[in-house]
Structure formats: structure tokens, C-alpha cells
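Student: Could you have a look at this structure, given as C-alpha cells, before my questions?
Taken together, the values in this text are just the output of simple stated rules run on the coordinates, not laboratory data. Just so it is clear, the model here is predicted, and its values are computed rather than measured. When we count neighbours, we look across all protein chains shown, and the Cβ atoms used for this are built from the backbone with ideal geometry, even at glycine.
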Amino acid sequence: MSYEKVTRFQKNLVIGTKQTLKAIRNGAASEVFIADDADWEVTQKVEKLAEELGVPYRRVDSKKRLGSACGIDVDASAVAVKQ
């Protein structure tokens, strides 16, 4: 279900760890998706900030599939849906 949701919101996505962190900090993220197979040191920052600021997040199994669901040809470790 998570990949389908990302695909549905393709036009309202923030893609990438740095941009996702920025969106969470600015209150612009309504939900976050984090790839399980991405570098833990990178994704733990996203997960921790989402928890601190009360932004719901879901884990998905593949950064490759997450990137594809976003409509890009590269992997995506973290993605935020804009409010």
C-alpha cells in the first residue's frame, strides 16, 4: 500500500533525505516514507525528527522501489508528502 500511496501523491512529494528533513522541520510534511535498505545513519535522523515533531512515518522495504514510486530513475532513501 505504501508504494501506491507515494505514486498517488507524486506531484506533492519532497524527495531525498535532506529535503525530507527540511520539510519536516518547516511543518510542510504530512507523512514520511523511509526505506529500510537505506543507510541507517542517514534514515535514523529522518525517523527521529518525524517522531519528535509528530509527523507520521512508514517504513518501506526498498529504496529502489521507493524511487520508482516517486517517478525518478534513482533510489530514494526518504520521501515526504507535502501538506
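Student: Can you find even one residue in region 38-59 that is more than 10 Å from ALA78 (Cα to Cα), part of a loop (DSSP other than H, G, I, E, B) and in contact with a helix residue (DSSP H, G or I) (Cβ under 8 Å, 6 or more places away or on another chain)?
Tutor: Yes, some residue in region 38-59 is more than 10 Å from ALA78 (Cα to Cα), part of a loop (DSSP other than H, G, I, E, B) and in contact with a helix residue (DSSP H, G or I) (Cβ under 8 Å, 6 or more places away or on another chain).
Student: Quick one: which of ALA38, ALA23, ALA50 is touching an Asp or Glu at 6+ places or on another chain (Cβ under 8 Å) and buried (at least 16 other Cβ atoms within 10 Å of the Cβ)?
Tutor: On the way: ALA23 fails: touching an Asp or Glu at 6+ places or on another chain (Cβ under 8 Å); ALA50 fails: touching an Asp or Glu at 6+ places or on another chain (Cβ under 8 Å).
From the options ALA38, ALA23, ALA50, the qualifying one is ALA38.
Student: Separate question: Name the residues in region 1-32 that are outside any helix (DSSP H, G or I), of a type in the set (Gly, Ala, Ser) and either free of Cβ contacts under 8 Å to residues at least 60 places away in the same chain or in contact with a Cys (Cβ under 7 Å, 6 or more places away or on another chain) (or both), would you?
Tutor: Here is the first cut: in region 1-32, the ones outside any helix (DSSP H, G or I) are 1, 9, 13-16, 26-32.
When the remaining residues are screened for being of a type in the set (Gly, Ala, Ser), the result is 16, 27-30.
Once the filter is applied, which keeps residues that are outside any helix (DSSP H, G or I), of a type in the set (Gly, Ala, Ser) and either free of Cβ contacts under 8 Å to residues at least 60 places away in the same chain or in contact with a Cys (Cβ under 7 Å, 6 or more places away or on another chain) (or both), region 1-32 yields GLY27, ALA28, ALA29, SER30.
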